[in-house]
Amino acid sequence: MSIILNSVTYNWVGFDPSGTSRWTATAGGLATSFSNLTERVTIGTLGANGVPQMSKVTWKINIPIVATEVTGSAPVGSVLRTAYWETKADLHPASTLAERTDLLARIRALVLTTDFGNSILNLTQSAGT
């Protein structure tokens, strides 16, 4: 199964030893340019003291920017910089499908807001106006 993000195809790699799902985009051709996408879901249970443990959902992506030509002392294929993004949800084990659906809808709506876009594109924090 592959996932396409902004026209970049991430191909399924499998599970790592910790059980994390992994996809990799290899279109850059050089191993240093490979972008990784991971997902980890941990289902909360009742702890030893009877206290519910939170379920956790974490997605991460890293996007390396590599030299495509010799630049200064950086040879072709060397990593110039890397962008990282992570989202994490902590959910009570008793959360309902309706509650999780509402959370997903709010996350999707947040990502589409101007405030969210400006935080990524312009590195500006919202002033709440």
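Before moving on, here are some points about what is shown:
- Only one entry of T71, T38 meets the criterion of being among the polar types (S, T, N, Q) and surrounded by 12 or more Cβ atoms within 10 Å (Cβ to Cβ), and that entry is T38.
- Total residues in region 32-75, condition farther than 30 Å from T96 by Cβ, part of a loop (DSSP other than H, G, I, E, B) and either of a type in the set (V, I, T) or in contact (Cβ under 8 Å) with a residue 60 or more places away in the chain (or both): 2
- Checked against the criterion of being of a type in the set (A, V, I, L, M, F, W, C), over 23 Å from T26 (Cβ atoms) and at pLDDT 95 or above, region 57-76 has at least one qualifying residue.
- Applying the condition of being in a loop (DSSP other than H, G, I, E, B) and at positive phi to region 2-31 and asking which residue is modelled with the lowest pLDDT yields G29.
- Within region 92-111, tally of residues that are hydrophobic (A, V, I, L, M, F, W, C) and within 16 Å of the chain's Cα centre (by Cα): 4
- Conditions (1) closer than 19 Å to S2 by Cα; (2) of a type in the set (A, V, I, L, M, F, W, C); (3) out of contact with any Ser or Thr (no Cβ under 7 Å at 6 or more places or on another chain): number failed by W59: (3)
- Against the conditions (1) more than 15 Å from the chain's Cα centre (by Cα); (2) closer than 22 Å to G77 by Cβ, S35 satisfies every one except (1).
Here's the yes/no breakdown for (1) closer than 26 Å to G19 by Cβ; (2) under 15 Å from the mean Cα position of the chain (by Cα):
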site: T42; (1), (2): yes, no
site: T45; (1), (2): yes, no
site: Q53; (1), (2): yes, no
site: K60; (1), (2): yes, yes
site: S73; (1), (2): no, no
site: V79; (1), (2): no, no
site: A83; (1), (2): yes, yes
site: K88; (1), (2): yes, yes
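- Close pairs from region 1-29: first under 15 Å from K60 (Cα atoms), partner outside any strand (DSSP E or B) and among the charged types (D, E, K, R), Cβ under 7 Å, at least 6 apart: R22/D16
- Within region 88-109, the set of residues being in a helix (DSSP H, G or I) and either of a type in the set (K, R) or at pLDDT below 95 (or both) comprises R100, R106, R108.
- Pairs with Cβ under 8 Å, 6+ apart, first in region 81-103 and in contact (Cβ under 8 Å) with a residue 40 or more places away in the chain and closer than 30 Å to S35 by Cα, second basic (K, R) and surrounded by 12 or more Cβ atoms within 10 Å (Cβ to Cβ): L91/K56; L91/R100
The values are calculated or read from the model by the stated rules, or taken from the named source; none is laboratory data. Remember, predicted model here, so these are calculated numbers, not experimental data. Because the Cβ atoms are built from the backbone with ideal geometry, glycine has one as well, and the counts that use them run over all protein chains shown.
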